[in-house]
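What follows is a set of notes on a single structure, which appears directly below.
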Amino acid sequence: GKPITALSLVAFPPELGYLVLEEILKGGRDKIEESGAVVVGGHSLEDKEPKFGYAVTGIVHPEKFVTSKGVKIGDKLILTKPIGLGILATALKGGIIAEKEMMDAIDNARTLNKKASEVMMEVGVNGCTDITGFGFLGHLHIMLKASNKSALIYTEKMPIYLKALELAQIGFVPAGTHENKKFVKDYVEGEPTKDAVLMDILLDPQTSGGLLISVPSVKSDLLIQRLDEEGVKTKELVGEIVKGKESHIELM
């Protein structure tokens, strides 16, 4: 697919100052233009907390798109960004950490999934989802449910922000993590589920998370190679699609 136009949606508290709003709008416009789309206008209103996003219109070929449905047994699962950003963002907002302590995560959040998506389409894959508000396990569960499949996850291979891990170890996690835990509690099993810190990371709500790609096993090395050639920093093989209970996830 290709994004064409974007309409900005802004809620902003005036006391933060309009220079801040100007920077937010500029940053958003820069990323929209990087994606190949154009900002055509927007709507704004005053609110107690800043909120910002876009309504985007694009085009897609009816026979050349990838959804979360269609993963097949034997597929390998490739993740293109580390997880733990929700913990870091909440800590930054609360003054627990400084911006300089999460610059690697900020740089990743600024990075579009455009290159990873283009490589994925070039190589040919069976399914894909982005990792956002439901966390890694939540979005994986949705993908599995859509395809009536099960997955095995190699927890030691998961790319995790180290600072997020430190914060999770002292119990600092966003409220959304607990809601995500309720969402998947009947569908996740395996010895690592006893590790509360790991589970908090795997359920951490993400913003601008990476892609979780389900690729045929015979193409997994090629996908990782092409992602590397295109400068995608994270391309970790984190699991596979297996026979098992429908929409269940086994951690190992």
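Taken together, the values in this text are just the output of simple stated rules run on the coordinates, not laboratory data. What you are looking at is a predicted structure, and each value in this text was computed from that prediction instead of being measured. Counting neighbours? That spans all protein chains shown, and the Cβs are built from the backbone with ideal geometry, glycine included.
A few notes on this one:
- Around the amide H of S68, modelled in the peptide plane, lie the amide H atoms of C128, all under 5 Å away and 5 or more residues distant in sequence or on another chain.
- Pairs from the table (K181/K233; K26/K163; K26/K51; K115/K243) lying more than 25 angstrom apart at Cα are K181/K233; K26/K163; K115/K243.
- Sequentially through segment 218-229, phi angles give Karplus couplings (6.51, -1.76, 1.60; θ = phi - 60°) of 5, 10, 5, 5, 5, 4, 4, 4, 5, 4, 5, 4 Hz, Gly and Pro residues having no value and appearing as x.
- Low-density loop positions, GluC sites (Glu not before Pro), segment 43-143 - DSSP coil, at most 16 other Cβ in 10 Å: E63
- Mean-position separation - Cα centroids, segment 128-194 and segment 41-98, in angstrom: 15
- Shown in residue order for segment 46-52 are the 3J(HN,Hα) couplings computed by the Karplus curve 6.51 cos²θ - 1.76 cosθ + 1.60 at θ = phi - 60°: 7, 8, 6, 10, x, 9, 8 Hz (x for Gly and Pro).
- For the chain, a simple Cβ point-charge model (Lys and Arg +1, Asp and Glu -1, everything else neutral) yields a dipole of about 640 debye relative to the Cα centre.
- Taking 0.36 nm per residue of separation and subtracting the current Cα-Cα distance, fully stretching the chain between K48 and E230 would add 61.4 nm.
- Relative contact order of segment 2-59, defined on C-alpha pairs under 8 angstrom at six or more residues apart (%): 65
- Under the Karplus curve 6.51 cos²θ - 1.76 cosθ + 1.60, θ = phi - 60°, whole-Hz ³J(HN,Hα) for segment 61-71, x wherever Gly or Pro sits: 6, x, 10, 9, 9, 10, 10, 6, 9, x, 5
- Averaging the sequence gap over all C-alpha pairs within less than 8 Å and six or more residues apart, then dividing by the number of residues, gives the chain a relative contact order of 31 percent.
- Under 5 Å from the amide H of V242 lie the amide H atoms of G74, S150, A151, L152, each residue being 5 or more positions distant or on a separate chain, with H modelled from the backbone and absent for Pro and chain starts.
- Positive-end extreme of charge dipole, segment 58-202 - chosen from A89, V119, Y154 (charges on Cβ): V119
- Counting neighbouring beta carbons within 10 Å and listing from fewest to most, the residues L222, L202, L212 come out as L222, L212, L202.
- Straight-distance crosslink candidates among aspartates and glutamates, where the alpha carbon sits under 13 Å from K64 and sequence neighbours closer than 8 are dropped: E118, E122
- (1) 54, 46, 30; (2) 60, 51, 33; (3) 81, 41, 30, with the label sought being that of the calculated Cα extents along the principal axes in Å: (1)
- Hits among aspartates and glutamates - C-alpha to C-alpha of K182 under 19 Å, sequence gap 8 or more where chains match: E191, D195, D200, D204, E246, E250
- For H178, H248, order by how many other beta-carbon atoms lie within 10 Å, fewest first: H178, H248
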